[in-house]
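The structure appears below as structure tokens.
The values are calculated or read from the model by the stated rules, or taken from the named source; none is laboratory data. Computed from a predicted model, the values in this text were never measured in an experiment. No Cβ is skipped: glycine too gets one built from the backbone with ideal geometry, and neighbour counts run over all protein chains shown.
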Amino acid sequence: MAKGKSKEPPAALILSPYLYLGPRTSASSAFIQANGITHVLSIGSTPASTDSPVIYRRLALIDDPSCSITDVSNAADAFIESAKLKGGRILVHCSAAVSRSPTVVAAYLMKKCGMSLVEALGVIIRARPAVCPNSGFLKQLKELEVALRGSSSLQVDILPARKDQRQALFLAPRTLG
């Protein structure tokens, strides 16, 4: 494999059978058709394709530690739940699927699936090892967990830059059903 080329798939199934996470390039017609995607949620990035009959939604979020994720997260939850209730499959993406879209998906897993922050990030990082929410987004996810559960399960304020060190924080897999 050429230097700088990712070994990660274009998108990963995070919550079977309906929730996928990937970079902007995973919103291609080929990926959408091959995986039966019915909804695409773009976080701060314009989708690579806008094929009908797929339902598209774009939510603005800058990948900056000072930006609030609350409004985007709430709107994303509603869109993801709508797709789920219709029996659809949704792809959530941003430019690289490193910070913005994984943050939104982690918040969804915490709020709608009852996962702790460690469980949510563990599921996501095991599927997409490059994931690394920026420090401000991580702080807000920790605050969300405190609001939901009374304490935070994650004992770091910044995730390690190295993939292997990041993955080591989330070794214990959670079975999703």
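Inside the range 88-107, can you point out the residues that are outside any loop (DSSP other than H, G, I, E, B) and not polar (S, T, N, Q)?
Passing the criteria: I90, L91, V92, H93, C94, R100, P102, V104, V105, A106, A107.
Rundown of residues vs (1) at pLDDT 95 or above; (2) surrounded by 15 or more Cβ atoms within 10 Å (Cβ to Cβ); (3) in a helix (DSSP H, G or I), yes/no style:
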position: L109; (1), (2), (3): yes, yes, yes
position: K112; (1), (2), (3): yes, no, yes
position: A120; (1), (2), (3): yes, yes, yes
position: P129; (1), (2), (3): no, yes, no
position: K142; (1), (2), (3): yes, yes, yes
position: E145; (1), (2), (3): yes, yes, yes
position: S151; (1), (2), (3): yes, no, no
position: V156; (1), (2), (3): no, no, no
position: A161; (1), (2), (3): no, no, no
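Would you confirm whether any residue within the range 26-42 is hydroxyl-bearing (S, T, Y) and without any contact (Cβ under 8 Å) to a residue 24 or more places away in the chain?
For the range 26-42, residues hydroxyl-bearing (S, T, Y) and without any contact (Cβ under 8 Å) to a residue 24 or more places away in the chain: present.
Pull up the range 86-103, narrow it to residues that are out of contact with any Phe, Trp or Tyr (no Cβ under 9 Å at 6 or more places or on another chain) and over 17 Å from P53 (Cβ atoms), then point me to the one that is surrounded by the most Cβ atoms within 10 Å (Cβ to Cβ).
Selected residue: S101.
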